[in-house]
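Where a number appears in this text, it was derived from the coordinates with a stated rule and is not lab data. These figures come from a predicted structure and were not determined experimentally. Using ideal geometry, Cβ is built from the backbone for each residue, glycine included, and neighbour counts are taken over all protein chains shown.
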Amino acid sequence: MEPQEVVDLVRRVLGDMVRDVKIWKGNDYIEVEIDASSIREAAARMKEAGFDHVKDVTAVDYMKEGRFRIIYNLSSYNNFDLSYYIVGLAYDIPRDKPETVSLADIYTSAEFQEREVYEGFGIIFKGHPDLKPLLLSPPVAEQKPLRKDFIVREEPEIKVEKKR
Amino acid sequence: MSGIVRGNVGFNDLKIPGMWSRKIGKDLYEVFIGPQHPGSGHMRIIIRIDGDIIVEAEPDMGYVHRTMEKLSEGRAWIKAIPLFERMAIHDACNVTLPYVRAVEKLLGIEAPLRAKYLRVLLCEINRIAAFLYGFGIFGVFLGHSTMYMWPFGDREVWVELAEWLTGARLTHTYPVFGGVRRDVPEGFTDSLRKAIRYMRRRLEDYRKIFVDNPVIRARLEDVGVIPRNLAIELGITGPNLRASGVRYDVRKNHPYEVYDELDFEIPVFQEGDAYARVHQRVQEILQSLRILEQVADWLDKHPREPVMHERFWKTAPPLYKKIFQETGRVKLGAVMAIMKIPQGKAYERGETARGEISYYVESDGGNKPYRIRIHSASARNALVYKYIVPGHRVMDLPAIYGSIDYFPPEADR
Amino acid sequence: MSPIISDIIKIIIWPPLWQLIVLGLLLPLGVVVFIIWFERKTAARVQRRIGPYHVSPRIAGGLQLVADLMRYMFQEIIIPKTVDVAPFIMAPLIALILSILPVVAMPFTSNASYFPIGMRYSLIVALALITLSPIFVIVAGWASNNKFSLIGGMREAYLITAYELIVMVSFLSASAATGSFDLVKIVEAQAGGKWLGLLNPLALLAALIGVLLSTSGFPFEIPESEHEVVAGAYTEYSGLVYGINMGAAYLKRMVYSILIALVFLGGWRPYTPGPGFVSGYLIPSIVVFIKATILMMIFSFLRAVYGRYRLDQALDIAWKYIFPLAVAGFGLSLALAYLGIY
Amino acid sequence: MPVEFAEKTVPPGRGIFKRFKGNIEAIAIGVKYFFDPKRSTLIYPKEYIKLRENYRGFIVLNAKKCINCGSCARICPAAAMKLIRRPYTDPKTGKTRMKLWPVINYNRCIFCGYCVDVCPTEALHHVNYHDVVFDNMEEMDQTLESFQQAPEHPTAKEGIPVRYIIDEEKGLVKVRVEGGEQ
C-alpha cells in the first residue's frame, strides 16, 4: 500500500472532517488534522475502517501560538497493509481552556495514555472513566510538567572551581 | 500515621496530601501488592479480593518515573540516547534504536549497510538477554528458583558478548545518528556462534526443568487468557500479542534496518494464555539465534568498512579513520553535540523484547528536541492488569505478571 | 564416680527427658542446621552457583548457618502496635513445642527400658500430636493483624483440610498391614528387609506428598509463598521469633521424617538393639536419624526442581489424586496383611 | 523476503503419563546438574575479571594532548564533564593565559564514553576497570590533577585476574589470564 492510498482511504472515511493531511518524512507517518468538535465521530469511523488500536496518545504544547495539539496515533493489528502506517489524528485546542473529550470508550488502548496527557499537560478529557494522574504524584501533576512553561534547567558547562 | 482511625471519621474526611481514599465494595479485601512487595517490582498493583478471587485490579505505576520526555526537551539530541536506554537497560539497543532512526529520518540520512547489520546484531543479542531476564523473573514469581538462576547465568553469555562489542555491559549507547560506535572486534563472530549453539542446548534444559514441568504447566495453562479481540482492543504488544494469535511484529510489518533481508519467521500462538506466552518467548529466542547466525555469516564475509554515515565520516580527520581501522572505534564529530535537526515530525517504532516501542519526535529546527513522546512496550501491556487480572485467583497474579514480562522501569519511562 | 554425678547422668538419660530434649530438640536442630546448609548448597549446585561460601571457605560455608542464627538472635524483635501481643508471641513458641512433642511418643529402640513412654497406641498419639501445630500458624496469622499474614494463615487452614486425611490414612496403612498401633511392633514387623515402604510404595508416596503439603515444602510452598503474601503468617515477625517460626517448620518436617523412617523404612533395622544405653538406645536412634536425614535431603532437593502449585490446585491434587493414592495404599496394606507377609 | 508468520501450538501435556514424564524429566535434569554443576561463579574479590582493552571504564585525561576545545563537556549527557579555568604557560612562548580544562565528576558520570569518542586529539582514554574505591563524595569530583592519573585499582592488588570465555557446552568458562599485581 502506498502512502497516497492511505491518505485516500482516510479522506474517504472521514469525508469533509479532514482539514489537512500531511505525509511526513519517511513516508510512513501521516498526520490528519481535523476539527476538535468532530474527534469522536472521526475516531469511531477510523476504528471501523480498520485502525483498531491507538499506538499512542500525546499532546504538543505550542505555547507561542497558544494552542495544544492532541494527537492520537492510530494503527492496525489486523490489517497487514495498514499496519505499515501510522495515522496521526490531530486536533488543536486552545491553551487557556484545555478541555476535550475522551476516546477511552472507543479505543480502550487510549485509556492510560489519556491519563498521561492529563497529568503532563493538564488537559481534561471529559467522559474518561477514571481520570487521574498515571505516573506522577498529584502534587507534581498539578504543575503540568510537560507544558513548555515548566522549564527544567540544565547545568552550565563551565564550572567555577571551589577552594578545597 | 499512628494507630487506627476510629470513631465516625468519614472516608472523605481523611485528607492526606498525595493520597486518595475511596470506598470499596462490601466484603472486599483490598491488598496492596507493591511497591515494596517482593513480588511486585517497582510498581503497585491494588487488588480487591473476594475470598481468593480478584474482583478488581488497578495498576499504580510511576514509582520509577524519570520524566524522560521532559528531560529530553532540555538537552541536545544526542544526549537523549543514554537517557532513553535507561528505560530498559538490558534491552538498551532495541529501546534506543527507534529514536536514533527517527532522528535519522528527520536528517534524511540512513546508516551504512554494515552499521545496519551491527545494529541488528546488538538488537538480537539484547533481545535474547532480555527474554532470559524475563524468564528469570518469571521463574522466581512461580517459586522456581532454578529458573531464576539459570537464565540469569546464561544471560551473562550475551551480556559478555555485548560488552565485548560495545565496551559496556548494559548501557551500550551503541547506535548513534548515522551509524554505530564500534565495529566488531576480532574473534567476535566465533564466540557468537559458540554462544548460539550453547543457547540452543540450554533451551532444551529449560524445557525439561521449567516449560514441561507439570507444576509450571498447571500454574500457567488457561491462566491470564487474552483473547485475540481483546488483545487488539487493549493494544497489547510484543510476544503477548503474538501468543494471542495476532500476526504482528514490527520487524515484519514495518521492517527496519536489515530485517527484511534476513530469513526468519515470527511464531504465532493461538491459545493466548500464560503458557502460550512462555512458548512464544522460547520460539522467539530460537528465531533470534537464527538471525544472529545470518548476521555472523554476513560480518565474516564483509571486511571492515566505515560504519558511520558519509555526512559525518567524510569530514573526519585522518586520525579518526586510523583509529577506526586499528581498533574499530568510531570517533564522533564535535558537530554531534550541537547538531541542529531540520524541522519536522517523525514517527518511528521498533520491536523490543517486550513488544513495540514508539517514538514521536518533533523538531522545531533547533539543537534540542521540541517534543518527544515515548510509548514503551510495558506501558502498553499495563492495561492487562486492569482488564485481564480480575477473575483470577490471588496466586495467579504473579503468574500473569511474569508471563506478560512486565518491566516497570520501561513502563514508567 | 560420686553418686551425685551418676544421679545427674541418670536424670539426663532418663528416657522421656532424653527423648524430648536430645532426640526431640537438640539432635533434630543439628540435623536442621545441616539440612538448611544442604538445601542451600544443593540449590546452588543445581543452579550452577557456589552457595554459602565466604563465612568459612574451608568447610564450604558450613558456618553460614551459625552466622545466620547469630543474626536472628541479635536482631531487634519488632512487635507492631496493631498486633495482639500475647498470641503473637505465644503462637510460634507453642508451634515449636508442638512440633517436637510427637517425638515423646516415638520409641527409637525395641529395648523396653529405653521407651520414652511405653504405650500400645504410640502411632496414633504421634499422629495426633503432629497435626496440632498448624492451628498456631493460623493463630499467628490472625494475631498479626496484617493482610498478608491473614491470607497466609487462611491458606494454611485450607491446606490442613487437604493433607491431614492423607497423612492419617497413609500412616495408618502401617497398622493395617501389621495389625498394631504400636510403633515398636510396626518396626519389628519390618525386620529382615520387609520394609513397608518397599512393599507398599503407594502409601509411602502418599505419606511423602502429605508431608510436603503439611510442611509447605516445594512444590506446595503455598502459605509462605513469597510473591503473593510476603512471608505468609510470619510477615510481621522479626528477629528470633521469626527464626523460631522457621525452625519450627523444619523441626516439624524432621519429626515427620523420623515417623516415616520408623513406619515405612524399617526404623532402627537392620540394627538389632541390645542391652545398655549405647547399643540399646544411642545406636538405634542414630540409625533412625540417618534415615530421616536422607528423607530430609530428598525433600530439600525438590526445592531446586519445582515451582509452587496454586492453592486450589494443591487442594485439587490432594483430594483427587493423593487421597485415592493413600486409600489404595491402605488397601494394599490390607492385602499384605491378608497374604500374611507381616 | 516474504512475510513469514509460523502458526504454532503448545504441545499437549495433559494426562497422567505426560505428567509423570514431565516430573521425571525435571528431577533427572536437576540430578544431572547436581552432579555436574558447570559453575561459572566469580569469587570476587579473590578473583576479578580482567576486562578487555576496549572496556569503557574510568576516564583519564592526557593534558599534553588536550587542545582545550571543550567538546567533551558539551557532549556529556550527564553534565559530569565540566570545564574549569586554569592558567596555562606555553612552554614555547612563555606566555601565560587562562585556558579551559576538562574535569570529571564521577558522581554523575554514566560511562557512556561520548567524551572519549568526541575528543579530536585522543586526549581522553578509558581504563579497563571500574571497581575503584573512593573514600567520599568530594573525592569523586575530580580535580585537574587527579583526572590526569589513572585511578587506583585495589582489586588488582589482591585478586587473581580471570577472563570468561564462551564455551559451547559450559557457557562461560573462567580462565586465568596474565596480569594483576599480586
> Helix B:145-166 sits at what angle to the longest principal axis of chain B, using alpha carbons and giving 0 to 90 degrees rounded to 10?
Replying inline: 20
> Between rounded, prolate and oblate, where does chain D land on the alpha carbon gyration tensor, with a ≥ b ≥ c its root eigenvalues, rounded for a/c under 1.5, else prolate if a/b exceeds b/c?
Replying inline: prolate
>> How shielded is D:153-165 by partner chains, expressed as the average number of their Cβ atoms within 10 Å of its Cβ atoms?
In response: 1
> How much net charge surrounds C:Pro134 when only other residues with a Cβ under 12 Å from its Cβ are counted (Lys, Arg +1; Asp, Glu -1)?
Replying inline: 0
>> Tell me the angle of helix B:92-107 to the major Cα principal axis of chain B, expressed in degrees between 0 and 90 and rounded to the nearest ten.
In response: 60
> What does chain B give for Rg and for Dmax, in Å, if only its C-alpha atoms count?
Replying inline: 22.9, 81
> Helix B:188-206 sits at what angle to the longest principal axis of chain B, using alpha carbons and giving 0 to 90 degrees rounded to 10?
Replying inline: 20
> So, counting K/R as plus one and D/E as minus one, what does the shell of residues with Cβ under 13 Å around D:Leu42 add up to?
Replying inline: +4
> What fraction of the DSSP beta bridges in chain D is antiparallel, stated in percent and rounded to the nearest 5?
Replying inline: 85
>> Residue by residue through A:73-83, how many Cβ atoms from other chains fall within 10 Å of the Cβ on average?
In response: 5
> Which of the cysteines found in chain D have nothing to pair with, since no other Cys Cβ lies under 4.7 Å from theirs?
Replying inline: D:Cys66, D:Cys69, D:Cys76, D:Cys109, D:Cys112, D:Cys119
> Once you wrap a convex hull around the alpha carbon atoms of segment D:59-149, what is its projected area averaged over all directions, in nm²?
Replying inline: 6.0
> For chain B, what is the calculated [θ] at 222 nm in deg cm²/dmol (nearest 500), taking -39500 (n - 2.57) for each run of four or more DSSP H residues and dividing by its residue count?
Replying inline: -13500 deg cm²/dmol
>> Taking beta carbons within 10 Å but only from partner chains, what does the mean come to for residues C:247-255?
In response: 0
> When DSSP assigns beta bridges and you keep just the ones with both residues in the protein assembly as shown, what percent turn out antiparallel, to the nearest 5?
Replying inline: 80
> With Cβ to Cβ distances under 9 Å as the rule, what net charge do the other residues near D:Leu172 carry (K, R +1; D, E -1)?
Replying inline: -2
> Counting pairs of alpha carbon atoms under 8 Å apart in space and at least six apart in sequence, what relative contact order in percent does segment C:3-339 give?
Replying inline: 25
> Let a ≥ b ≥ c be the square roots of the eigenvalues of the Cα gyration tensor of chain C; is it rounded (a/c under 1.5), or, if not, prolate (a/b larger than b/c) or oblate?
Replying inline: oblate
> What's the percent breakdown of Cα-Cα distances in the protein assembly as shown across 20 Å bins, shortest bin first?
Replying inline: 11, 36, 33, 15, 4, 0
>> I'd like the distance separating the alpha-carbon centroids of segment C:1-57 and segment B:314-392, in whole Å.
In response: 60
>> Which one, A:Met1, C:Ala304, D:Tyr164, is farthest towards the positive end of the dipole of the protein assembly as shown when Lys and Arg carry +1 and Asp and Glu -1 on their Cβ?
In response: D:Tyr164
> Ranked from highest to lowest mean number of other Cβ atoms within 10 Å per residue, what is the order of the peptides B:293-301, A:51-59, C:282-290?
Replying inline: A:51-59, C:282-290, B:293-301
> If you average 1/r over all unlike Cα pairs in segment B:255-396 and invert the result, what Kirkwood radius do you get in angstrom?
Replying inline: 19.7
> Of B:Lys340/D:Lys82; A:Lys55/A:Lys148; B:Lys322/D:Lys170, which sit over 32 Å apart, Cα to Cα?
Replying inline: B:Lys322/D:Lys170
>> Below 8 Å, C-alpha to C-alpha, sequence gap of six or more: please give me the relative contact order for chain B in percent.
In response: 25
> Counting alpha carbon pairs within less than 8 Å and at least 6 residues apart, what relative contact order, in whole percent, applies to chain D?
Replying inline: 25
> Classify segment B:98-233: rounded, prolate or oblate, from the alpha-carbon gyration tensor (a ≥ b ≥ c, eigenvalue square roots; a/c under 1.5 rounded; otherwise prolate if a/b is larger than b/c)?
Replying inline: oblate
> Hey, got the dipole for segment C:97-252? About the Cα centre, +1 on K and R Cβ, -1 on D and E Cβ, debye to the nearest 20?
Replying inline: 400
